[in-house]
1. Please arrange Arg76, Arg34, Arg314, Arg82 by counting, for each residue, the other beta carbons lying within 10 Å of its beta carbon, fewest first.
2. Compute the Kirkwood hydrodynamic radius of the stretch 178-240, taking the inverse of the mean of 1/r over all pairs of distinct Cα atoms, and give it in Å to one decimal.
3. What spacing in nm lies between the two simple spin-label points modelled at Ala306 and Ala102, each 7 Å away from Cα in the Cβ direction?
4. Which residue, Pro78, Pro132, Pro218, tops the fluctuation ranking in a GNM of the chain built on C-alpha contacts under 10 Å?
5. Past 19 Å, Cα to Cα, is the threshold; run Lys89/Lys122; Lys37/Lys228; Lys89/Lys181 against it and keep the listed order.
6. Where does the charge balance sit around Tyr162 when Lys and Arg score +1, Asp and Glu -1, over other residues with C-beta under 12 Å from its C-beta?
7. With label points built 7 Å along Cα→Cβ from the Cα atoms of Glu256 and Thr278, find their separation and express it in nm.
8. What list of ³J(HN,Hα) couplings, whole Hz, do you get for the stretch 159-168 from phi and the Karplus terms 6.51, -1.76, 1.60, once you set θ to phi - 60° and write x for glycine and proline?
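None of the figures in this text is laboratory data; all of them are computed from the coordinates on show. Nothing here was measured: the structure is a model prediction, and the numbers come from that model. So basically every Cβ, Gly included, is an ideal-geometry build from the backbone, and we count neighbours across all protein chains shown.
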Amino acid sequence: MYGNAYIDPNEKRQSVAEGEDPKKLEEFEARIDRGEKIEPDDWMPPEYRKQLTRMIEQHAHSEIIGSLPEGTWITRAPGFRRKLSIMAKVQDEIGHGQLLYAAAETLGKSREAMFNDLLSGKSKYSNVFNYPAETWADVTVIGFLIDAAAIINQITNSKGSYGPYCRALDRICFEEAFHLKQGHDAFVALAIGTSAQRTMLQEALNRWWQPIMHFFGPSDKQSVHSEKLMKWRVKLASNDDMRNQFLDTYVPKIWELGLTLPDPNLKKDEETGVWAYTEPDWDEFFRVIKGDGPCNAERLAVRRWAEEKGKWVREALFQPKDKYVMPLA
Ligand code: BYC
């Protein structure tokens, strides 16, 4: 269903990395071939540990930073119902971050080290959260299409080989399905609303299209980690295949609402099921993920501020002998 970049189970394994125990590697890969999950105490090649830590950590940071553009709209959401749902969604995203940090910790990197790497700019997080949510329509595009893109990626990743990541993703996908519904509901409300609302939505869609195309990662030709990650079934579809699946499911839904997308080359080949599109500007993508997007500095500044303001709470938690609880009855 996702095209031919899925792993071929009969494919011959690549050669052993330098310094690795070939026997253990063979057993490890045989377990993966049998569809077994790898658990934290199991032997794993150092490169598997490193790749998973990188990916899960980036995912956790994305949930935390990803709550910021929507979080700024809690006070401005149009009406009580929208306010309640966006508030609940932001809370969920923070919870997803916690689940993912816990999963990444099982690989040996401490949560503090992950936070430090986020704050110093060493660790990456998803490109899309470095753009501003200028209007309520931007929030609905995030809620509908970025959540849709995330679900495609996360459902695929949840079938992967590392137990703690897959279990975290199962729970996350369950909640994301509700997020997608609220995003779709808000999106349709604007699409069938007044002409001012439709214009606002169309403009937001035009602004977000390229970041959304970037969301699935660089094209397969440029992806540096896919080969290893697919070999070890951490990733089960290539970046281009996930992007294609997104286009296949969501472009028709956007067009059905009479909206347009800012790419004249967007077209499905009905025979192959593959969508043609204009390659998004990959130079911009790499600039943004390296820290030079419209909001990178602001996003990290907010996190640094939160870290500083929360310092007293962390210090209090490290004073187990002091009693802070007042009896209420
Ligand atoms: N943004 O070799 P490649 C959410 C980096 S949160 C930034 O193809 P890979 C939500 C990549 O890290 C959901 N960087 O990488 C939250 C690598 O750089 P390094 C977020 C990106 O790992 C709140 C380089 O580009 N989802 O939805 O094989 C509110 C080369 O790429 C991006 C996840 O995190 C990007 N988009 O494949 C609402 C899913 N793409 O590390 C919603 C988990 C690539 O070598 N991650 N890079 O310096 C994945 O599935 C994979 O990591 C990716 C990339 C498919 C994203």
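1. Numbers: Arg76 13, Arg34 7, Arg314 10, Arg82 21.
Taking fewest neighbouring Cβ atoms as first place, the list is Arg34, Arg314, Arg76, Arg82.
2. On the way: mean 1/r = 0.0700 Å⁻¹.
One over the average 1/r among Cα pairs gives 14.3 Å for the stretch 178-240.
3. Here the modelled spin labels are 1.8 nm apart.
4. Most flexible of the set in this elastic network: Pro78.
5. Cα-Cα > 19 Å for Lys89/Lys122; rest within.
6. Values: positive: Arg31, Lys37, Arg49, Lys159, Arg167, Arg233, Lys235; negative: Glu36, Glu39, Asp42.
It works out to a net charge of +4.
7. Roughly 2.7 nm, to one decimal.
8. 8, x, 9, 9, x, x, 5, 4, 5, 4
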